[in-house]
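Okay, so here's the structure we're looking at.
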Amino acid sequence: MATVTYDKASRIYPGSERPAVNELNLEIGDGEFLVLVGPSGCGKSTSLRMLAGLEDVDRGRILINDKDVTNLPPKSRDIAMVFQNYALYPHMTVYENMAFALKLRKTPKSEIDRAVKEAAALLQLEEYLSRKPKALSGGQRQRVAMGRAIVRQPQVFLMDEPLSNLDAKLRVQTRSQIASLQAKLGVTTVYVTHDQVEAMTMGHRVAVMLDGVLQQVDTPRALYDTPGNVFVAGFMGSPAMNIKTVPLTESGATFGALNLPLTREQVAAAQQGGDGKVTVGFRPEAAEVVTESTGALPIVVDLVEDLGSDANVYGHSEVGGASERFVVRTERRYMPSMGETVYIKPNPSALHVFNAGSGQRI
Ligand SMILES: Nc1ncnc2c1ncn2[C@@H]1O[C@H](COP(=O)(O)OP(=O)(O)OP(=O)(O)O)[C@@H](O)[C@H]1O
Ligand SMILES: [Mg+2]
């Protein structure tokens with residue numbers, strides 16, 4: 001059982017001025033499943049490797065259970081890592097792959113046997129124990145990599161995009177297997193992905209990174225409902241939130257033909273450094289599609305994505321003299337066709353408002 005603390009931890013790669021990870025502060029609870037998410041190059045793998053001891057920490061500290069591990073070698077940290085490419089030993093059987101770390105530790109044979117068989121049962125790998133990795137499917141190899149981490153009974157699991165080699169269907173399946181396995185074992189887990197759907201469905205909490213800087217860390221629900229800045233608002237959720245920067249008035253935001261009312265406090269906060277503008281957003285499902293033009297924004301439909309139960313309608317509209325793109329979700333019984341003009345009314349209580357200068361939530 002373990003907690004993990006990043007205390008202003010930074011990594012600056014030699015030859016580069018900008019930190020790949022910049023003063024990361026993050027506390028991960030005992031038994032928690034924490035997902036690190038963000039676009040390519042934002043510093044996810046670097047953060048994970050710093051915790052593993054595979055990357056230097058140039059400033060700040062990393063603690064496991066209040067013990068400063070910043071300068072400990074990887075093998076003294078009691079963690080197990082599952083990599084994207086699994087890194088299985090090709091010349092060893094599944095059994096030997098899983099037993100390897102325990103053998104190095106000189107664990108008694110009978111104990112190794114028990115641990116491997118237990119993990120194999122948990123991961124439904126029993127019938128493959130004598131096979132070599134090349135005779136396994138991608139999903140089975142992924143499970144062997146998990147098994148290798150499990151048998152070590154580490155304090156912390158680290159996983160770096162462990163599902164990226166799997167096809168879409170297997171990925172969804174394996175996603176839920178990993179989540180339930182983690183719940184069963186109760187081992188503190190840090191999981192890296194660039195896929196926001198994976199992050200939302202797997203994590204107890206999700207930490208969103210951009211350019212080496214932690215943007216927000218919270219439950220999936222809270223990130224979705226109250227994103228702290230424009231980046232998080234646009235990154236979490238699919239299709240992405242409609243976000244536009246528009247003129248600010250005394251009473252709200254001028255959204256093309258629409259006036260979106262804002263509270264006096266919101267207007268005041270938007271005026272600070274906003275240069276007469278405000279950034280507003282609404283999610284695709286937070287707008288009503290109506291047939292009447294009064295008090296609604298006209299959208300010319302470019303594409304309808306029929307999802308069976310409902311549909312995503314993509315279109316464009318003139319807002320402040322420029323053509324802006326929008327996406328809304330409609331119910332099955334109302335599916336417009338391409339080229340048609342529909343009218344949308346964002347739900348005022350589901351508006352997200354951000355300062356146009358800083359991008360911070362108001
Ligand atoms: N060994 C290295 N030397 C120099 N720069 C590096 C090194 N490894 C990574 N970087 C840089 O540090 C930044 C963060 O890289 P990192 O691998 O942590 O990103 P990531 O979030 O894991 O991205 P991805 O989703 O593509 O895996 C990137 O700009 C990358 O180019
Ligand atoms: Mg990475």
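The values are calculated or read from the model by the stated rules, or taken from the named source; none is laboratory data. Treat the numbers as computed from the prediction; the structure is a model and nothing was measured. Positions of Cβ are generated from backbone atoms using ideal geometry, with glycine treated the same way; all protein chains shown enter the neighbour counts. For accessibility, only protein heavy atoms count, side chains too; no ligands or nucleic acids. Shrake-Rupley method; radii C 1.70, N 1.55, O 1.52, S 1.80 Å.
Points worth noting:
- Residue count for the range 178-215, restricted to those that are assigned to a loop (DSSP other than H, G, I, E, B) and in contact with a Ser or Thr (Cβ under 9 Å, 6 or more places away or on another chain): 5
- Answer from K109, K134, K117 - the residue that is surrounded by 13 or more Cβ atoms within 10 Å (Cβ to Cβ), assigned by TED's automatic domain parsing to the domain that holds A87 and of a type in the set (D, E, K, R): K117
- Test for I79: is it over 18 Å from the mean Cα position of the chain (by Cα) and either more than 30 Å from Q124 (Cβ to Cβ) or more than 14 Å from ligand 1 (Cβ to nearest atom) (or both): yes
- Candidate set from the range 1-15 (those that are open to solvent by 50 Å² or more (accessible area, probe 1.4 Å) and out of contact with any Gly (no Cβ under 6 Å at 6 or more places or on another chain)); member that is nearest to K67 (Cα to Cα): M1
- Which listed residue is over 18 Å from the mean Cα position of the chain (by Cα) and in the same structural domain as V69 (by TED's automatic domain parsing), from R175, R148, R171: R148
- Apart from one condition, L88 fits all of (1) within 14 Å of ligand 2 (Cβ to nearest atom); (2) of a type outside the set (D, E); (3) open to solvent by 20 Å² or more (accessible area, probe 1.4 Å); the exception is (1).
- Residue in the range 177-184 that is in contact with a strand residue (DSSP E or B) (Cβ under 7 Å, 6 or more places away or on another chain) and among the charged types (D, E, K, R) present: no
- Hey, A356 crowded, with 17+ Cβ neighbours inside 10 Å, farther than 20 Å from G237 by Cβ, modelled with pLDDT of 95 or more and among the aliphatic types (A, V, I, L, M) or not: yes
- Hey, F100 aromatic (F, W, Y) and within 15 Å of ligand 2 (Cβ to nearest atom) or not: no
- Residues in the range 143-152 that are buried (at least 22 other Cβ atoms within 10 Å of the Cβ) and of a type outside the set (G, A, S) were compared, and the one that is farthest from K103 (Cα to Cα) is R143.
- Residue, nearest to the chain's Cα centre (by Cα), within the range 188-201, restricted to residues that are over 17 Å from Q84 (Cα atoms) and away from ligand 1 (no atom under 16 Å from the Cβ): M200
- N22 vs. criteria in contact (Cβ under 8 Å) with a residue 12 or more places away in the chain, within 16 Å of ligand 1 (Cβ to nearest atom), touching a Gly at 6+ places or on another chain (Cβ under 6 Å) and open to solvent by 20 Å² or more (accessible area, probe 1.4 Å): yes
- Residues being away from ligand 2 (no atom under 16 Å from the Cβ) and either outside the structural domain of M200 (by TED's automatic domain parsing) or crowded, with 19+ Cβ neighbours inside 10 Å (or both) - total across the range 35-79: 7
- Tally of residues being open to solvent by 70 Å² or more (accessible area, probe 1.4 Å) and in a strand (DSSP E or B) across the range 328-349: 3
- Residue satisfying all of: in the range 153-172; away from ligand 1 (no atom under 16 Å from the Cβ) and crowded, with 21+ Cβ neighbours inside 10 Å; farthest from T201 (Cα to Cα) among these: V156
- For R221: the one exception among (1) closer than 26 Å to R11 by Cβ; (2) part of a helix (DSSP H, G or I); (3) open to solvent by 10 Å² or more (accessible area, probe 1.4 Å): (1)
- Count of the range 154-174 residues, restricted to those that are away from ligand 2 (no atom under 16 Å from the Cβ) and modelled with pLDDT of 90 or more, is 4.
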